[in-house]
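Have a look at the structure below, then the notes.
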Amino acid sequence: MEKLFAVLGDPIGHSMSPMMHNDLFSYYDIDAHYLPFRIKAENLEDAVKGLKAIGVAGFNVTVPHKSKIIPLLDEIDELALQIGAVNTVVNEDGRLKGYNTDGQGFLTGLQFYVPSITGQKVLIIGAGGAAKAIYFTIAKNNPAKVDIANRTVDKAIKLVEECPFSASSKAISLPDANRDLGLYDLIIQTTMIGMAPKISESPITLINLKKQAMVCDIIYNPLETQLLLEAKQMGARVQNGLDMFVYQGALAFERWTGIFPDVERMKKNVLGQLGGK
Ligand code: ATR
C-alpha cells in the first residue's frame with residue numbers, strides 16, 4: 001500500500017518539501033506520497049491524531065508548530081527535546097517519534113566548507129527557533145566558542161542559560177557583534193532580515209570581519225542576501241541556506257526510508273523551483 005508522508009504548517013503553500021520528497025520517492029522507486037497540510041494551531045492536536053489513525057508513515061513539522069507538537073507525540077528524541085522543537089516525525093510501529101534535523105542539517109551542509117566545528121569561534125546572529133537548533137547542535141560539537149548576538153539580548157541570554165552543553169558561550173548585542181566581529185571564524189545569520197521584504201537589509205555590519213572568516217545565512221530565497229553579498233565583496237567565504245534546507249530534508253528522508261538521498265539532485269530540484277538560478 002502506498003505510504004503517506006506530510007508536512008504540517010501554516011502557511012504551507014510555499015513549501016518546497018513536497019516537490020523535493022516526492023521526487024526522491026519516485027527516484028528511489030518507493031511507493032509513497034508526500035502532501036502539504038495547512039493546519040491552524042487550534043487544529044494541530046486533531047491533525048496529529050488523524051494522521052496517526054490513518055497510519056501516516058512520517059511527516060515534517062514547520063512554522064508555527066515545531067514546539068507545540070512536542071506534547072502531542074508519543075516519544076521525543078533527546079536532542080529535539082533539548083532544543084524544544086521537532087521538525088521530523090517518524091511512525092515507529094504505531095508510535096509517533098519526533099526528531100529535529102534542522103541543527104544537524106546545518107552542520108552536515110557546513111562540513112564541505114568547515115570540516116570540523118571543533119576549535120572554531122562561532123557567532124550566531126538571532127535567537128529564535130532556528131538559532132536555537134543550530135546553537136545547541138554546534139555547542140554539542142566542541143567549538144572554541146559559540147556566542148549569540150540578538151536585537152533583544154535577553155532572548156540570547158535565555159538561550160545561553162538553557163543550553164545543556166558546556167561550550168564557552170555568551171550573549172551579546174548587535175552593536176557588540178559589529179565591534180567584535182573580528183574575533184569569529186564562522187558567522188551564522190538566522191533572522192529573517194535579508195528575506196523579502198527586507199532584501200536590502202542586513203542585521204550586522206561587516207567592517208570588522210576577519211579576512212578568512214566564513215559567513216553563512218540560513219535564508220535561501222533570495223539565494224544571495226545582502227549580508228552574503230557584502231561578505232563576498234570583502235573576500236570572505238559564504239554559504240546560503242540551501243544546504244541547510246536540503247540536508248534537513250535528506251536527514252528526515254533517511255529517518256523515514258533508511259536511504260541517505262542524493263543531495264545534489266535535491267539541490268538541483270529546489271534551485272529549479274526557485275527560478276532556475
Ligand atoms: P525563527 O523561529 O524562524 O528563528 P523567530 O523565533 O521569530 O524565528 O526569531 C526571529 C529572530 O529574528 C529573532 O532573533 C529576532 O530578534 P528579536 O529576538 O529581537 O525579536 C530577529 N529579528 C527579527 N526582526 C529583526 C530586526 N528587524 N532586527 C534585528 N533582529 C530581528
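Tabulated data
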item: Among residues of region 163-182, those that are under 21 Å from the mean Cα position of the chain (by Cα), over 18 Å from residue 118 (Cβ atoms) and away from the ligand (no atom under 14 Å from the Cβ), counted; result: 1
item: Flag for residue 139 being crowded, with 22+ Cβ neighbours inside 10 Å, in the same structural domain as residue 213 (by TED's automatic domain parsing), small (Gly, Ala, Ser) and more than 16 Å from the ligand (Cβ to nearest atom); result: yes
item: Qualifying position, being farther than 23 Å from residue 44 by Cβ, in contact (Cβ under 8 Å) with a residue 12 or more places away in the chain, assigned by TED's automatic domain parsing to the domain that holds residue 220 and within 16 Å of the ligand (Cβ to nearest atom), among 117, 125; result: 125
item: Considering residues of region 18-65 that are away from the ligand (no atom under 16 Å from the Cβ) and among the polar types (S, T, N, Q) only, the residue farthest from residue 89 (Cα to Cα); result: 26
item: Test: residue in region 184-202 that is among the aromatic types (Phe, Trp, Tyr), within 14 Å of the ligand (Cβ to nearest atom) and within 23 Å of residue 227 (Cα to Cα); result: no
item: Cβ-Cβ under 9 Å pairs, at least 6 apart or on other chains, region 179-205 side touching a residue at least 24 places away in the same chain (Cβ under 8 Å) and of a type in the set (D, E, K, R), far side surrounded by fewer than 20 Cβ atoms within 10 Å (Cβ to Cβ) and part of a loop (DSSP other than H, G, I, E, B); result: 179/208; 180/208; 185/114; 185/119; 185/120; 185/144; 185/210; 185/212
item: Evaluation of residue 207 against (1) surrounded by fewer than 16 Cβ atoms within 10 Å (Cβ to Cβ); (2) of a type in the set (A, V, I, L, M); (3) within 24 Å of residue 109 (Cα to Cα) (one fails), failing number; result: (3)
item: Of the criteria (1) without any contact (Cβ under 8 Å) to a residue 40 or more places away in the chain; (2) loosely packed, with under 14 Cβ neighbours inside 10 Å, which one residue 28 fails; result: (1)
item: Qualifying residue in region 227-243 (condition: exposed (fewer than 14 other Cβ atoms within 10 Å of the Cβ) and outside any loop (DSSP other than H, G, I, E, B)); result: yes
item: Selection from region 66-115 of residues that are part of a helix (DSSP H, G or I) and under 20 Å from residue 263 (Cα atoms); result: 102, 103, 104, 105, 106, 107, 108, 109, 110
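The values are calculated or read from the model by the stated rules, or taken from the named source; none is laboratory data. Since this is a predicted model, take the numbers as computed values, not measurements. Ideal geometry is used to build each Cβ from the backbone, glycine not excepted, and the neighbour counts take in all protein chains shown.
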